[in-house]
1. Please enumerate the residues belonging to region B:90-109 that are closer than 24 Å to residue B:128 by Cα and either in contact with an Asp or Glu (Cβ under 6 Å, 6 or more places away or on another chain) or surrounded by 19 or more Cβ atoms within 10 Å (Cβ to Cβ) (or both).
2. Please determine whether any residue of region B:112-131 is at negative phi, more than 16 Å from the chain's Cα centre (by Cα) and within 12 Å of chain A (Cβ to nearest Cβ).
3. Among the numbered criteria (1) more than 19 Å from residue A:93 (Cα to Cα); (2) of a type outside the set (Ser, Thr, Tyr); (3) free of Cβ contacts under 8 Å to residues at least 40 places away in the same chain, which single criterion is violated by residue A:158?
4. Would you mind stating whether residue B:134 is more than 26 Å from residue A:224 (Cα to Cα), facing chain A (nearest Cβ under 10 Å), of a type outside the set (Ser, Thr, Tyr) and in contact (Cβ under 8 Å) with a residue 60 or more places away in the chain?
5. Filter region A:182-198 for residues that are at the interface with another protein chain (Cβ under 7 Å from one of its Cβ atoms) and closer than 14 Å to residue A:225 by Cβ and give the result.
6. Check B:221, B:181 and return the single one that is over 25 Å from residue B:44 (Cβ atoms), touching a residue at least 24 places away in the same chain (Cβ under 8 Å) and of a type in the set (Phe, Trp, Tyr).
7. Just to check your reading of the model, which residue among A:166, A:183 is polar (S, T, N, Q) and out of contact with any Leu (no Cβ under 8 Å at 6 or more places or on another chain)?
8. Those residues that are touching a residue at least 24 places away in the same chain (Cβ under 8 Å) and either β-branched (Val, Ile, Thr) or assigned to a helix (DSSP H, G or I) (or both), I need them from region A:92-113; list them, please.
There are 2 protein chains.
Amino acid sequence: MRTQMSTDKLSNPSRRPKRNGPGRPEGHTENREKILDTAEKSFATHGYAAASGREIASAANVTQSMVNYYFGTKRQMFREVYLRRGGRLAAERMKLLDRITSRGQFDIEDVVRAYLIPPFRLQATAQGRYFLRLQARLHAEPDELAFELRREVYDRPVRAYVGALQKLLPHKSEETLYLRFAQLIGIYLYILSDAHRIQEISGGKCSMPPSDSMIEEIVVFTCAGLRS
Amino acid sequence: MRTQMSTDKLSNPSRRPKRNGPGRPEGHTENREKILDTAEKSFATHGYAAASGREIASAANVTQSMVNYYFGTKRQMFREVYLRRGGRLAAERMKLLDRITSRGQFDIEDVVRAYLIPPFRLQATAQGRYFLRLQARLHAEPDELAFELRREVYDRPVRAYVGALQKLLPHKSEETLYLRFAQLIGIYLYILSDAHRIQEISGGKCSMPPSDSMIEEIVVFTCAGLRS
């Protein structure tokens, strides 16, 4: 087991542990991505504690020593799984917000919608849905690793979005806006954690609307809450 | 391991597996409650997969055969841990709603507040906080056991509360009210899953207000969302 591992920051998500020369396995990027996909599924399905490196290696059709070569520890593998897609999520959120604010005229509906679109897009693919489950689990994990990962993925976008909202709602205190933004986060994480949730609580009377309608539903609800 | 266990329903939370005669351990109720408290802490801290019956027995200062005697399987122990406090939560919610609706005149703020008070009360004790963590974890678990337990604890109160809201907001469809009630559930679960969440996302600029203020903050936000 290697204990010293690269600690990729989101600011440089493309950095990879490089090892040139005879020790470096063939098909570097493909294998690494394949292991990350498999680990994402495994962590999402079984949770961090129950997922095993051996099973991940077997499901990814690689040797366990290759998994060790790339990630060293289960903790490091989890970190990289989360930061890979979490980094893209953060980047998309920043891009959408920049696009809106650069237009000059925008309203709080635009801001809230931009925050919701990237995670809802993840529902479209099986691999994206694994990440959403993993993320819901992470938000229920109050340990150090969870704190650290959430900070890396969430902090910058949340502050940028709250900053944009502050310009539109100048009479609200920063504290109020953070309290309300936290409620928006709670809403979308809960809704995305399980597609059957609405069906479940309504006893089958209602079901989850298509992504676009659900986003608009949250936009209406949250913007009324933000303005109140 | 006993495989046939009583499946206490919430409608009869006081039912206990009874075994009279020489096989029944001394201090029946005390031991059982002590094991449930310890298991609640353990499941909250380590998660379902990582918690072990042996460690729970050791921490509760009882033998593992006593744990097996009362609960049979880890799954059954988790079930009883969750239903014990979840059942009280559901009962309190029903009681508060009855109190409000029997007054004749009430508004949606009263209904939302009544839904939030019981889980926020759990923050006051260490054991209650363990349950809140366990509950946050459960809502991130999309498996069969989680579905079943959530149904038993949540269904009845959610339907009663949505029914009360429907009388106050007769122009809203039942579907809209369920979609909005789901957002309220997402908010309070997220806020209660970790007392440092607000501090974290705001980069230390804000912190979680005292329970009563946080409840009022959610009431204002959610009621604006419900009316919109």
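Derivation of every value follows stated rules applied to the coordinates shown; laboratory data play no part. What you see is a predicted model; the values in this text were computed from it and never measured. Note that we place each Cβ from the backbone using ideal geometry, even for glycine, and neighbour counts take in every protein chain shown.
1. B:90, B:93, B:96, B:97
2. Among the residues of region B:112-131, at least one is at negative phi, more than 16 Å from the chain's Cα centre (by Cα) and within 12 Å of chain A (Cβ to nearest Cβ), which makes the answer yes.
3. All conditions pass for residue A:158, except number (1).
4. Answer is yes for this residue.
5. A:182, A:183, A:185, A:186, A:187
6. Of the residues listed, the single one that is over 25 Å from residue B:44 (Cβ atoms), touching a residue at least 24 places away in the same chain (Cβ under 8 Å) and of a type in the set (Phe, Trp, Tyr) is B:221.
7. A:183
8. Matches in region A:92-113: A:92, A:93, A:94, A:97, A:100, A:101, A:108, A:109, A:111, A:112, A:113.
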